[in-house]
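Report on the structure given below.
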Amino acid sequence: MTVTKNEEVRNLNAAIAGALSHFKPPENLTVAEWADKYRRLSPETSAEAGPWRTSRTPYLEEPMGAFTDPKIHKIVMVAASQVGKSEMELNIIGYIMHQDPGSILFVQPSLEDARKFSRLRIAPMIRDSKVLKSRVTDIKGKDATSTVLQKSFPGGMLTITGSNSASALASTPCRYIIGDERDRWAVSAGNEGDPWALAEARQATFYNAKAVEVSTPTIKNFSNIETAYYEGTQERWCHQCPECGEYSEITFNRIHFEHKIVTVHGKKKNKIVGPLTYCCPACGCISTEEQMRKQPAKWVAQNPDAAANGVKSYWLSAFASPWTPWEKIATKFLDAQKDPERLKVVLNTLLGELWEERGDIQDEDSMLTRREQYPAELPDGVLCLTCGVDTQDNRLEYEVVGHGKGGATWGIKKGYIMGKPDNPEVWQRLDDVVEHSYKYQNGKGLRISITFVDSGGHYTQEVYSECRKRLTKRVFAIKGKGGEGIPYISPPSKVAIRDNKRVTCWLYTIGVDAGKSSIMSALRVNDADGETKYCHFPLGEERGYDLNYFNGLLSETLVRKRSRQGERWAWEKIPGHERNEALDCRNYAMAGFRVVDPDLDAIERRLKGLDEQQKPQQPPPKKKKKRDLYGDEW
């Protein structure tokens, strides 16, 4: 059968028309308008399945609108969990597929996160939104143009990957980049460097490129999303005060409430008593949660000039969420405040706030104000004593630390023993510290359970020898070891003294980085009820807890270091803090408590039944064989 030229033209036109049927002219919608018209929330991922309504989360309207603003090339969103930030990303992806096609790179923290997000969030969105279902190719066989990590649609391709995949981040060009949970990305994509920089390099050829960076915040001064936020307009979601009309952000420190502790099934829990109220920082007037939820709200920019550079940034807390009652936020905060690790999660994911490694303790002056007057040498809460000793070329520096229930600690005595560590008199004076009976107000006493002495420096052998002599006093040599993944306490080993394998000393290895993290976490606790990890410090010049002590205790902070092996976290001295012996002494004393691992309840019972004077310890009987307490021959 012969096909005429006119028929060929008609067939070609029909084929072109069919191919272009997917490319309908854009409707000039914003992302929010598109979502209201076309997006449906999936039942397996939303408590309110059905048509999307931007009015339910009005704080997302402007950030989504910024995506379609031709003057804006980057949007940054710092937000608490469960406020809709992932839905905003999905709306943007759906809008691109339907209204403004182009290649999309969607980056999750890891490849596993990418696969999970694709299956649980992107696939249901495509399935339940008709305009997307007709455009995105179904998975059919090995030659399919769509996979779990790739979705093909007319005019573009969605590539979903992890921040640890260098090949995906540095391959084909893309117009759109969307980065989810930016603060949880890998510090380096293999050996290629910063994942975000790799992704941005793929946009170089696009004059109309767009980037979206989203995350819950993490640690102050080490948060990537924090850095990106301060490059933008720095906008906060603010509510209008019903009294004075001023707009301000609802933050946890502006919420007022009362609570009490109740016992449920034998466990103590916090219960909010009465209504929660908000105090306006402008006029001081009090408003209820119900009143504030009905008030007008808007984004208020602290750096509006950044819009001229094309960067809009937003910060959002859980108080803006329509699904999270204030009482739930307050209760979770109260339940976590005695546990720094849990509190960190609450601050980051619920309050949408940065965590500070030194917490509320900003400087030495703040620590000085925490000192308290003990009623005696030992406060009643102390049930165990340990001592940490740092060895210097011209002195021994020590701290005696008291330990109580719930991880509470009391500084008892901080001091110096001047003299070189090879001088026997120096060690005799340390004996005075170790053997001293520290008294309670009722006259009863307590002695140090264990002493850890640093063996680093120029007097290692002298420390080994002197600790060997004091085995019955539970004085042990320790070696501090820094680095990630090193346990705080490792089983002790025997080390030879002066290359004599028959004369040895017990040596404990201490993971000092783990210890420092634990100490800094405890210093954040501000509840001094004696049943928490609160750190007590005494008043009194003779105690040794002066400005120099706190300068040393707060001498280091956690920083991110770069090397050929990648990036890592390390403890470094803060500028202006020259000495860190106080931190080391506290670290060794805390490690000693971990080794002793005492039964504090049993100690408390024994203390209540003790006589006024402690019975002196009887020396162990002499052994007939000429072997020391290590089992070594002399």
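The values are calculated or read from the model by the stated rules, or taken from the named source; none is laboratory data. No experiment lies behind these values; they were computed from the predicted model shown. Note that each Cβ is placed from the backbone with ideal geometry, even for glycine, and that neighbours are counted across all protein chains shown.
Specify which of the listed residues (Glu258, Glu246) is without any contact (Cβ under 8 Å) to a residue 40 or more places away in the chain, in contact with a strand residue (DSSP E or B) (Cβ under 8 Å, 6 or more places away or on another chain) and farther than 21 Å from Pro296 by Cα.
Result of the check over Glu258, Glu246: Glu258.
Return only the number of the condition from (1) assigned to a strand (DSSP E or B); (2) closer than 18 Å to Leu607 by Cα that Glu399 does not satisfy.
With respect to (1) assigned to a strand (DSSP E or B); (2) closer than 18 Å to Leu607 by Cα, Glu399 is out only on (2).
Only residues in the stretch 65-77 that are in the same structural domain as Ala32 (by TED's automatic domain parsing) count as the first member; pair them with residues that are part of a loop (DSSP other than H, G, I, E, B), Cβ under 6 angstrom, at least 6 apart or cross-chain, and list the lot.
From the stretch 65-77, the pairs are Gly65/Thr30; Ala66/Ile72; Thr68/Thr30; Ile72/Gly310; His73/Gly310; Val76/Gly232.
Would you check which residues across the stretch 405-419 are of a type outside the set (A, V, I, L, M, F, W, C) and in contact with a Lys or Arg (Cβ under 8 Å, 6 or more places away or on another chain) and list them?
Gly406, Gly407, Thr409, Gly411, Lys413, Lys414, Tyr416, Gly419, listed by residue number.
Would you confirm whether or not the stretch 409-418 contains a residue that is in the same structural domain as Val559 (by TED's automatic domain parsing), farther than 20 Å from Glu542 by Cβ and charged (D, E, K, R)? Even if it seems obvious, please write down each step before you answer.
If we filter the stretch 409-418 for residues that are in the same structural domain as Val559 (by TED's automatic domain parsing), which is where we start, we get 409-418.
Retained after the next criterion (residues that are farther than 20 Å from Glu542 by Cβ): none.
Scanning the stretch 409-418, I find no residue that is in the same structural domain as Val559 (by TED's automatic domain parsing), farther than 20 Å from Glu542 by Cβ and charged (D, E, K, R), so the answer is no.
Go through the residues of the stretch 487-499 one by one and say whether even a single one is assigned by TED's automatic domain parsing to the domain that holds Asp380, touching a helix residue (DSSP H, G or I) at 6+ places or on another chain (Cβ under 8 Å), over 26 Å from Leu523 (Cβ atoms) and not in a loop (DSSP other than H, G, I, E, B).
Yes - at least one qualifying residue is present in the stretch 487-499.
Inspect the stretch 413-432 for any residue being under 14 Å from Arg586 (Cβ atoms) and among the hydrophobic types (A, V, I, L, M, F, W, C) and give the result as yes or no. Walk me through it before giving the result.
Residues of the stretch 413-432 under 14 Å from Arg586 (Cβ atoms): 413-415.
With the extra rule that they be among the hydrophobic types (A, V, I, L, M, F, W, C), the set shrinks to none.
Among the residues of the stretch 413-432, not one is under 14 Å from Arg586 (Cβ atoms) and among the hydrophobic types (A, V, I, L, M, F, W, C), which makes the answer no.
From the list Tyr545, Tyr588, pick out the single residue that is in a helix (DSSP H, G or I) and modelled with pLDDT of 90 or more. First the steps, then the outcome.
Values: Tyr545 fails: in a helix (DSSP H, G or I).
Every option except Tyr588 fails the conditions.
Of these, Ala228, Ala204, Ala282, Ala211, which one is part of a helix (DSSP H, G or I) and either within 28 Å of the chain's Cα centre (by Cα) or exposed (fewer than 14 other Cβ atoms within 10 Å of the Cβ) (or both)?
When all the criteria are applied, what remains is Ala228.
Which of the residues spanning the stretch 484-502 are at pLDDT below 90 and either over 26 Å from the mean Cα position of the chain (by Cα) or surrounded by fewer than 13 Cβ atoms within 10 Å (Cβ to Cβ) (or both)?
Within the stretch 484-502, Glu484, Gly485, Pro487, Arg498, Asp499, Asn500, Lys501, Arg502 qualify.
Using beta carbons and a limit of 6 Å, which pairs, at least six apart or on different chains, have the first residue in the stretch 454-467 and assigned by TED's automatic domain parsing to the domain that holds Tyr588 and the second one part of a helix (DSSP H, G or I) and of a type in the set (A, V, I, L, M, F, W, C)?
From the stretch 454-467, the pairs are Ser455/Val463; Glu466/Trp427.
Given the residues Thr391, Thr324, Thr386, which is the only one that is more than 23 Å from Asn587 (Cα to Cα), β-branched (Val, Ile, Thr) and either outside the structural domain of Ser81 (by TED's automatic domain parsing) or not in a helix (DSSP H, G or I) (or both)?
After applying the criteria, what remains is Thr324.
Taking into account only those residues within the stretch 360-415 that are loosely packed, with under 14 Cβ neighbours inside 10 Å and under 30 Å from Gly456 (Cβ atoms), which is modelled with the lowest pLDDT?
Of everything passing the filter in the stretch 360-415, Asp363 is modelled with the lowest pLDDT.
Is it the case, given these coordinates, that Glu226 is under 19 Å from Asn309 (Cβ atoms), assigned by TED's automatic domain parsing to the domain that holds Ala168 and at pLDDT below 95? Please lay out each step first, then the result.
On the way: under 19 Å from Asn309 (Cβ atoms): yes; assigned by TED's automatic domain parsing to the domain that holds Ala168: yes; at pLDDT below 95: yes.
Yes: the conditions hold for Glu226.
Within the stretch 56-175, considering only strands (runs of 3 or more DSSP E) that don't extend past its boundaries, which have at least 1 residues that are aliphatic (A, V, I, L, M) and within 30 Å of Leu351 (Cα to Cα)?
By residue number, 74-79, 104-108, 156-162.
Assigned by TED's automatic domain parsing to the domain that holds Ala66 and β-branched (Val, Ile, Thr): does that describe Thr161?
Yes, satisfied.
Among the listed residues Glu213, Glu192, Glu200, which satisfies the condition of being in contact (Cβ under 8 Å) with a residue 40 or more places away in the chain, among the acidic types (Asp, Glu) and in the same structural domain as Leu132 (by TED's automatic domain parsing)?
Answer to the check: Glu213.
I need a count of the residues in the stretch 511-542 that are surrounded by fewer than 17 Cβ atoms within 10 Å (Cβ to Cβ), modelled with pLDDT of 85 or more and among the small types (Gly, Ala, Ser).
So the answer is 1.
Among the residues of the stretch 503-515 satisfying the criterion of being hydrophobic (A, V, I, L, M, F, W, C) and without any contact (Cβ under 8 Å) to a residue 60 or more places away in the chain, which is farthest from Arg594 (Cα to Cα)?
Among those residues, the one meeting the criterion is Leu507.
Just checking, how many residues over the stretch 72-86 are of a type in the set (D, E, K, R) and at pLDDT 95 or above? Before the answer, list the steps.
Here is the first cut: in the stretch 72-86, the residues of a type in the set (D, E, K, R) are 74, 85.
Then drop every residue that is not at pLDDT 95 or above, which leaves 74.
The qualifying residues number 1.
Scan the stretch 500-519 residue by residue and report those that are out of contact with any strand residue (DSSP E or B) (no Cβ under 8 Å at 6 or more places or on another chain), among the polar types (S, T, N, Q) and not in a helix (DSSP H, G or I).
Asn500
Cβ contacts < 6 Å: first residue touching a residue at least 24 places away in the same chain (Cβ under 8 Å), restricted to the stretch 516-527; second residue among the hydrophobic types (A, V, I, L, M, F, W, C), any location; separation 6+ or different chain. Result?
Here the result reads Lys516/Trp571; Ala522/Cys535; Leu523/Ile361; Leu523/Cys535, each pair linking the stretch 516-527 to a residue that is among the hydrophobic types (A, V, I, L, M, F, W, C).
Among the numbered criteria (1) surrounded by 17 or more Cβ atoms within 10 Å (Cβ to Cβ); (2) over 16 Å from Cys387 (Cα atoms); (3) modelled with pLDDT of 95 or more, which one does Glu425 miss?
(1)
Could you count how many residues in the stretch 303-324 are exposed (fewer than 15 other Cβ atoms within 10 Å of the Cβ) and either touching a helix residue (DSSP H, G or I) at 6+ places or on another chain (Cβ under 8 Å) or under 23 Å from Leu350 (Cβ atoms) (or both)?
So the count comes out to 2.
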